[in-house]
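**Student:** Shown below is the structure under consideration.
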Amino acid sequence: MQVGIDLFVLRKSWLHEIDPRVKLFFVAVSIIILLVFKNIFFMLTALVLLHLLHWSAKIPRDRILFVWKTLMPVAILICVLWVVFYPAGDPLIQIWMVKITLVSLAQGAVLGLRIMTMAFVVFAWLYSTDQPSIVRSLVKLKMPFEWGLILALALRYIPTFQGMYAVISEAQQARALNISEGKGFGRVRTLMPIFVAMVISALRASDQLARALEARAFGAHGVERTYLRDISFRPLDWVFTFAIFATALLLLYLNFRYGFGRQPISLF
Amino acid sequence: MADEPMSSQTDTICLETRDLWFAYGDNPPALRGISLTIRAGDFVGLVGQNGSGKTTLAKHFNGLLRPTQGQVLLYGQDIRDRPVGELARTVGYVFQNPDHQIFSATTREEIAFGPRNLGLEEAEVQRRTEQAMEHFDLTEYADHQPAVLGFGLRRKVSIAAVYSMRPQILILDEPTAGLDWHCTHDLMERLTALHRQGHTIILITHDMRLIAQYTPRCMVLREGKLLLYDDTRKVFEHCDLLRETHIELPQVCELARELAPIGVRRDALTVPELCDSYADLIARREVTNAGGH
Amino acid sequence: MNVRRIALMAVCIAIVAVLVAVVPVPIPATGGYTHPGAVAEIFVSMAFGPIVGMVAAGIGAAIADLVLGYGSFAPLTLVAHGALGFLAGYLGWKKGWGGMIAGWIVGGLALVAVYFLGEATVYGFGFAGAAGELPINLFQVGLGVLGLLLFQLVKKAYPQIEQLGEEATFKEV
Amino acid sequence: MSKIIVVEELSYAYPPAIPGHDPVWVLRGVDLEVEEGEFVSIMGPTGVGKTTLCLALNGIVPQSTGGLIKGRVLVDGLDTKREPVPQLAQRVGVVFQDPETQLFNMSVEAEIAFGLECLGVPRDEIKERVSWALAVVGMTGFEDRPPFQLSGGQKQRVAIASILAMMPKILVLDEPTANLDPLGKAEVFSVVRELRHKRGMTIIMVEHESEHIAEFSDRVIVLNEGRVEMADTPDKVFSQVDRMREIGLAVPQVSELADCLNHRFNSQLNFTQFDEALRTLKGQLDGR
């Protein structure tokens, strides 16, 4: 049984339509902004806007919940750590040695939520862009085609190897290998007969893959590669790029010049 | 010796399923209410199109899959709570691709892996390993890396590595795929020898020629249901049903059916059978012709 | 880059990603789970050198992060695991046991250090919080020593591994 | 008629699997000529070097596999150990046994376009050729499907289409049905039948399915112990039932039957195809 590793959600939406390079630009810029701003209201606004973004791109609710579920424990952990270790200002409540202050609570919440917002930025890109378009956009951004191909092939083979792992694990269990035994080192040691068979099978596949690539004229000399499906900037993409750029500049200017969003609670 | 020759037909039921249903996750059921019994000492062919549920069914016999509904009984005992590793003592399962299990530095080690997992004494492990290598003619490759051997030999290693656990029941998933005529028949002869020693063998295959020639019993699955299960000759009588199921009948069987109106035996399964029948017919004609003159 | 190397890199990335994303390893004492990704990463680095090691470990682990929902950690993972792959391959590839063990230790420590610094600063765990993550990261790279075992076992079972990804030359006789 | 493939005393050894060991010669002096437009089937026991011979036709052996080589292979006048493999790919297309490793793209369309993109074919022409190739193998409408979700037979048809799109003069099929179920085999053979009868391509097919070999082939080449042991029409090859058995190869069941009857009656029956067998056997009885 193969489990898809593709995060892409096939929908018709404006976010799906725009050029993947614009989305990549958005991811890069957003992460910088999110790292610079440390204000709780700013972070909450960003979180709401990102949810609106996902909603407008028709991303199903379970995909959004998936991100929450996965990262919530980390976010809470970060929040607690800040509250416990970095108290600042007057304590709201004091439980034994731990002073809980409004500032550290806000600070902790900002850093915890930042993990979430950054994830939603990345997943807005990955949920709305199929793998070939991602690879194609990276190559258009001057990544050598070979590296794009490596990435595409790796993504293609992950589900295959996942299935292979499952089959090999069954085959070795049928030879009385007990794979639910042991913890840590002991467990990994037990799994070794599966790993070895899987690695050998995968390496055989790499040899055959190389032959298949050559049989399709890969590496033809003196030929410029053409592309059946290409991505291209449309006027709207320019508008988005400009809008992202302008918003980012404005926010950073306000931050540097007036301290906008630098404090956990007060906006300036 | 553990494998004294026994009569190959017994009345003991070694495997039984009762209204077995199974679905992978939320998918539609892959098996729909299968009830069957397999007698100890049987040699059963399991056929059906890809996706008909052959492998899914077979994996229930050694506990790799557990029914979503219904029961699997091994020698009368429900196997629900028994782990795969324990069932492996009784039910051997050889996977389709030998490369999905070969991992050792020598053939000997590879074949000893199963018995060792069973917790046997080293002397017994050695004895079984040597015997398994002998049965499958692998002794000369004992110290070779099995992963580097040719495909036909890798296949034999993978079967020997399961056989060395001495399971009473042996399940093989398409063991002849990709083998040439010689390797195929060599392997089938060795399986027949194990069958004569009293092992129960379940052979999953697409090759109806092998079913016709080697397995006395045959089971046909279609869309997760048991379509036919009977003596092979009786199953072959339903040739229209088999063709509907995209099962390709051997040329000999088709030919026997076409020639039946002129007196050849309709249920011939193998070349010698058809040849005999046709020869008889000619001989009889010659007698009548001679008598007529 | 020759075709065989391209195919090899893709396959190695996929191996790493699968071991990180789908193989759970229970942690003694805590009852939590981790993964044997470092086993695959050390293996790839020892078998195919620093470049393949860096690419496979970095990209493979980062893809696994994305798939598992840890989207925000993928960039840090890329750097940390890439560092492990590169250093392990640089010190251990085609070297004796000394080199391989040094590769595992130095690469492992690099991974732990990158995670620690990244989490402490950029990801907002603070030094105390990042210190809390140290044991689990150390445990993960500790498991990596079994990557050396995996490499030995694979080399013994499948000697052709030495020729993979290398430029082939034929001889006319 | 011109000879499109000439193999002259080809011997080949892979680099030894275990470093330091002696190389083992897989091919030991293969001589073979194939006419343009011919359909040739290759049979041989497991491990005899059938795949190696296929790979020698498009230069992967020895250019990518290394090892030792003697003799030469000329395809369309080009020496396959000198001409770069991607260049040869436009003349000789090879379809491999395992569909899983030869389909490496995310969609059927991308799969078929890949080779054309490598060759720098203009976009409009790629589009045309993709839909043409899909039509030939009967897979029109599957453009956006991921190849790994297809059935075995469909995968193999896509693999054939991805090679056909490059419009090679010679198509080499290396055990294209070995991993397929009967339905999948039937699908692939119907594509082969189409290519055989309507397109006049030169086709070389490695197969075990003797019944199908008998149906398609102008000639059957039997490889044994690294050499060409027989190269003749299916009738001639499959009538040598005993010799084929010794080599370890299958003949069609009807040929076995003919052989069996010949032993009984000292007759000279020889048929390789079902219809032929049926007609003869009926006729024998009616005629008496």
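**Student:** Being in a helix (DSSP H, G or I), surrounded by fewer than 22 Cβ atoms within 10 Å (Cβ to Cβ) and touching a helix residue (DSSP H, G or I) at 6+ places or on another chain (Cβ under 9 Å) is the filter here, so list the residues in region D:217-238 that pass it.
**Tutor:** Matches in region D:217-238: D:ASP235 only.
**Student:** Kindly provide the set of residues from region D:251-269 that are open to solvent by less than 60 Å² (accessible area, probe 1.4 Å) and either in contact (Cβ under 8 Å) with a residue 60 or more places away in the chain or more than 7 Å from every other protein chain (Cβ to nearest Cβ) (or both), ordered by number.
**Tutor:** The first filter runs over region D:251-269 and keeps only residues open to solvent by less than 60 Å² (accessible area, probe 1.4 Å), leaving D:251-262, D:267, D:269.
Those that are open to solvent by less than 60 Å² (accessible area, probe 1.4 Å) and either in contact (Cβ under 8 Å) with a residue 60 or more places away in the chain or more than 7 Å from every other protein chain (Cβ to nearest Cβ) (or both): D:VAL251, D:SER255, D:ALA258, D:ASP259, D:ASN262, D:SER267, D:LEU269.
**Student:** Run A:LEU65 past the list (1) under 30 Å from A:PHE26 (Cβ atoms); (2) touching a Phe, Trp or Tyr at 6+ places or on another chain (Cβ under 8 Å) and report the number of the one that doesn't hold.
**Tutor:** (2)
**Student:** Follow-up. Would you point out the residue of region B:171-190, among those that are surrounded by 22 or more Cβ atoms within 10 Å (Cβ to Cβ) and more than 14 Å from chain D (Cβ to nearest Cβ), that is farthest from D:GLY44 (Cα to Cα)?
**Tutor:** Step by step, filter region B:171-190, then rank; the result is B:ILE171.
**Student:** Additional query: Taking only region A:226-244 into account, find how many residues are closer than 30 Å to D:ARG91 by Cβ and open to solvent by 50 Å² or more (accessible area, probe 1.4 Å).
**Tutor:** Initially, region A:226-244 is screened for residues closer than 30 Å to D:ARG91 by Cβ, giving A:226-230.
If we keep only those that are open to solvent by 50 Å² or more (accessible area, probe 1.4 Å) too, we end up with A:229-230.
So the count comes out to 2.
**Student:** Tell me, which residue of region A:23-54 that is under 21 Å from A:LEU102 (Cα atoms), crowded, with 16+ Cβ neighbours inside 10 Å and not hydrophobic (A, V, I, L, M, F, W, C) is modelled with the highest pLDDT?
**Tutor:** A:ASN39
**Student:** Looking at A:VAL121, A:VAL110, which is the one that is touching a residue at least 60 places away in the same chain (Cβ under 8 Å), out of contact with any Asp or Glu (no Cβ under 9 Å at 6 or more places or on another chain) and under 22 Å from C:ALA64 (Cβ atoms)?
**Tutor:** Numbers: A:VAL110 fails: under 22 Å from C:ALA64 (Cβ atoms).
Just one listed residue meets the conditions, A:VAL121.
**Student:** Oh, and also: Working carefully through the options A:SER180, A:SER201, A:SER232, A:SER206, find the one that is farther than 23 Å from D:THR101 by Cα and within 14 Å of chain B (Cβ to nearest Cβ).
**Tutor:** Working: A:SER201 fails: farther than 23 Å from D:THR101 by Cα; A:SER232 fails: within 14 Å of chain B (Cβ to nearest Cβ); A:SER206 fails: farther than 23 Å from D:THR101 by Cα.
Only one candidate qualifies: A:SER180.
**Student:** Same structure, new question: Scan D:GLU207, D:GLU225, D:GLU187 and give me the residue that is more than 9 Å from chain B (Cβ to nearest Cβ), modelled with pLDDT under 95 and more than 16 Å from the chain's Cα centre (by Cα).
**Tutor:** So the residue among D:GLU207, D:GLU225, D:GLU187 that is more than 9 Å from chain B (Cβ to nearest Cβ), modelled with pLDDT under 95 and more than 16 Å from the chain's Cα centre (by Cα) is D:GLU225.
**Student:** Mind listing whichever residues of region B:237-253 are open to solvent by less than 10 Å² (accessible area, probe 1.4 Å) and assigned to a helix (DSSP H, G or I)?
**Tutor:** B:LEU242, B:VAL252, B:CYS253
**Student:** It is to be established whether one or more residues within region A:139-152 are in a helix (DSSP H, G or I), within 7 Å of chain C (Cβ to nearest Cβ) and either more than 25 Å from A:PHE195 (Cβ to Cβ) or not hydrophobic (A, V, I, L, M, F, W, C) (or both).
**Tutor:** So far as region A:139-152 goes, yes, one or more of its residues are in a helix (DSSP H, G or I), within 7 Å of chain C (Cβ to nearest Cβ) and either more than 25 Å from A:PHE195 (Cβ to Cβ) or not hydrophobic (A, V, I, L, M, F, W, C) (or both).
**Student:** Something else now. Just to be sure, is A:ALA124 part of a helix (DSSP H, G or I), touching a Phe, Trp or Tyr at 6+ places or on another chain (Cβ under 9 Å) and on the phi < 0 side of the Ramachandran plot? Spell out how you get there, then give the answer.
**Tutor:** Values: part of a helix (DSSP H, G or I): yes; touching a Phe, Trp or Tyr at 6+ places or on another chain (Cβ under 9 Å): yes; on the phi < 0 side of the Ramachandran plot: yes.
So A:ALA124 fits the description; yes.
**Student:** Considering (1) without any contact (Cβ under 8 Å) to a residue 60 or more places away in the chain; (2) assigned to a helix (DSSP H, G or I), say which one B:PRO28 fails and leave the rest.
**Tutor:** The number of the failed condition is (2).
**Student:** Counting just the residues of region D:75-92 that are crowded, with 22+ Cβ neighbours inside 10 Å and aliphatic (A, V, I, L, M), which one comes out farthest from the other protein chains (Cβ to nearest Cβ)?
**Tutor:** My answer is D:VAL75.
**Student:** Can you name the residue in region C:1-22 that is more than 7 Å from chain A (Cβ to nearest Cβ) and of a type outside the set (Lys, Arg) and is also surrounded by the fewest Cβ atoms within 10 Å (Cβ to Cβ) among such residues?
**Tutor:** As a first pass, look at region C:1-22 and keep what is more than 7 Å from chain A (Cβ to nearest Cβ): C:2, C:5, C:12, C:16, C:19-21.
Then keep just the ones that are of a type outside the set (Lys, Arg); that gives C:2, C:12, C:16, C:19-21.
Details: C:ASN2: 16, C:CYS12: 33, C:VAL16: 33, C:LEU19: 29, C:VAL20: 28, C:ALA21: 22.
Looking at residues that are more than 7 Å from chain A (Cβ to nearest Cβ) and of a type outside the set (Lys, Arg), I get C:ASN2.
**Student:** Within region B:136-189, how many residues turn out to be modelled with pLDDT under 95, hydrophobic (A, V, I, L, M, F, W, C) and closer than 21 Å to B:THR55 by Cα?
**Tutor:** The total comes to 2.
**Student:** In region C:49-75, which residue that is over 22 Å from C:VAL25 (Cα atoms) and open to solvent by 10 Å² or more (accessible area, probe 1.4 Å) is farthest from the other protein chains (Cβ to nearest Cβ)?
**Tutor:** C:PRO50
**Student:** For region D:3-11, state whether one or more residues are open to solvent by less than 60 Å² (accessible area, probe 1.4 Å) and facing another protein chain (nearest Cβ under 9 Å). If you could, list the steps in order and put the result at the bottom.
**Tutor:** Taking region D:3-11 and keeping what is open to solvent by less than 60 Å² (accessible area, probe 1.4 Å), we get D:4-7, D:10-11.
From what's left, facing another protein chain (nearest Cβ under 9 Å): D:11.
Yes; the residues of region D:3-11 include at least one that is open to solvent by less than 60 Å² (accessible area, probe 1.4 Å) and facing another protein chain (nearest Cβ under 9 Å).
Residue-wise test of (1) open to solvent by less than 10 Å² (accessible area, probe 1.4 Å); (2) farther than 22 Å from C:LYS155 by Cα; (3) aromatic (Phe, Trp, Tyr); (4) assigned to a loop (DSSP other than H, G, I, E, B).
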{"position": "A:LEU155", "(1), (2), (3), (4)": "no, yes, no, no"}
{"position": "A:PHE161", "(1), (2), (3), (4)": "yes, no, yes, no"}
{"position": "A:MET164", "(1), (2), (3), (4)": "no, no, no, no"}
{"position": "A:ILE168", "(1), (2), (3), (4)": "yes, no, no, no"}
{"position": "A:GLU181", "(1), (2), (3), (4)": "no, yes, no, yes"}
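**Student:** For region D:93-106, name all the residues that are open to solvent by less than 10 Å² (accessible area, probe 1.4 Å) and touching a Cys at 6+ places or on another chain (Cβ under 9 Å).
**Tutor:** D:VAL94
**Student:** Could you grab me the full set of residues in region B:254-271 that are farther than 29 Å from D:LEU180 by Cβ and either assigned to a helix (DSSP H, G or I) or facing another protein chain (nearest Cβ under 10 Å) (or both)? Before you say what the answer is, go through the steps one by one.
**Tutor:** Looking only at region B:254-271, we keep the residues that are farther than 29 Å from D:LEU180 by Cβ, and these are B:259-266.
The answer is B:LEU259, B:ALA260, B:PRO261, B:ILE262, B:GLY263, B:VAL264.
**Student:** One residue is enough: does region C:29-40 have a residue meeting the conditions open to solvent by 10 Å² or more (accessible area, probe 1.4 Å), touching a strand residue (DSSP E or B) at 6+ places or on another chain (Cβ under 7 Å), within 7 Å of another protein chain (Cβ to nearest Cβ) and at negative phi?
**Tutor:** Taking every residue of region C:29-40 in turn, none turns out to be open to solvent by 10 Å² or more (accessible area, probe 1.4 Å), touching a strand residue (DSSP E or B) at 6+ places or on another chain (Cβ under 7 Å), within 7 Å of another protein chain (Cβ to nearest Cβ) and at negative phi.
**Student:** For region A:78-116, enumerate the residues that are surrounded by 15 or more Cβ atoms within 10 Å (Cβ to Cβ) and part of a strand (DSSP E or B).
**Tutor:** Result: A:LYS99, A:ILE100, A:THR101.
**Student:** On to the next question. Could you tell me which residue of region D:231-271 is modelled with the lowest pLDDT, considering only residues that are aliphatic (A, V, I, L, M) and over 27 Å from D:LEU32 (Cβ atoms)? Walk me through how you get there before you give the answer.
**Tutor:** Just the residues of region D:231-271 that are aliphatic (A, V, I, L, M), to begin with: D:231, D:237, D:241, D:244, D:247, D:249-251, D:254, D:257-258, D:261, D:269.
Subsequent filtering for residues that are over 27 Å from D:LEU32 (Cβ atoms) retains D:254, D:257-258, D:261, D:269.
Values: D:VAL254: 95, D:LEU257: 95, D:ALA258: 95, D:LEU261: 93, D:LEU269: 90.
That would be D:LEU269.
**Student:** Only one of these conditions is not met by A:ALA57: (1) within 11 Å of chain C (Cβ to nearest Cβ); (2) surrounded by 15 or more Cβ atoms within 10 Å (Cβ to Cβ). Which number is it?
**Tutor:** Against the list (1) within 11 Å of chain C (Cβ to nearest Cβ); (2) surrounded by 15 or more Cβ atoms within 10 Å (Cβ to Cβ), A:ALA57 comes up short only on (1).
**Student:** Name the pairs: first residue in region C:153-173 and closer than 16 Å to A:VAL196 by Cα, second residue open to solvent by 90 Å² or more (accessible area, probe 1.4 Å) and in a helix (DSSP H, G or I), Cβ to Cβ under 9 Å, at least 6 apart or on different chains?
**Tutor:** Final answer for the pair search is C:LYS155/C:GLU162.
**Student:** Continuing with the same structure: Six or more apart or on different chains, Cβ atoms under 7 Å: show the pairs whose first residue is in region B:110-135 and in the same structural domain as B:VAL148 (by TED's automatic domain parsing) and assigned to a loop (DSSP other than H, G, I, E, B) and whose second is among the hydrophobic types (A, V, I, L, M, F, W, C) and open to solvent by less than 30 Å² (accessible area, probe 1.4 Å).
**Tutor:** B:LEU118/A:ALA176; B:LEU118/B:MET165
**Student:** Report whether or not C:PHE86 is in contact with a Ser or Thr (Cβ under 7 Å, 6 or more places away or on another chain) and over 21 Å from A:MET72 (Cα atoms). Step through it out loud before you land on a result.
**Tutor:** Details: in contact with a Ser or Thr (Cβ under 7 Å, 6 or more places away or on another chain): no; over 21 Å from A:MET72 (Cα atoms): yes.
The answer is no for C:PHE86.
The values are calculated or read from the model by the stated rules, or taken from the named source; none is laboratory data. As the structure is a prediction and not an experimental result, all values here were calculated from the model. Note: ideal-geometry Cβ built from the backbone for every residue, glycine included; neighbour counts use all protein chains shown. SASA here: full protein model, heavy atoms, side chains in, ligands and nucleic acids out. Shrake-Rupley method; radii C 1.70, N 1.55, O 1.52, S 1.80 Å.
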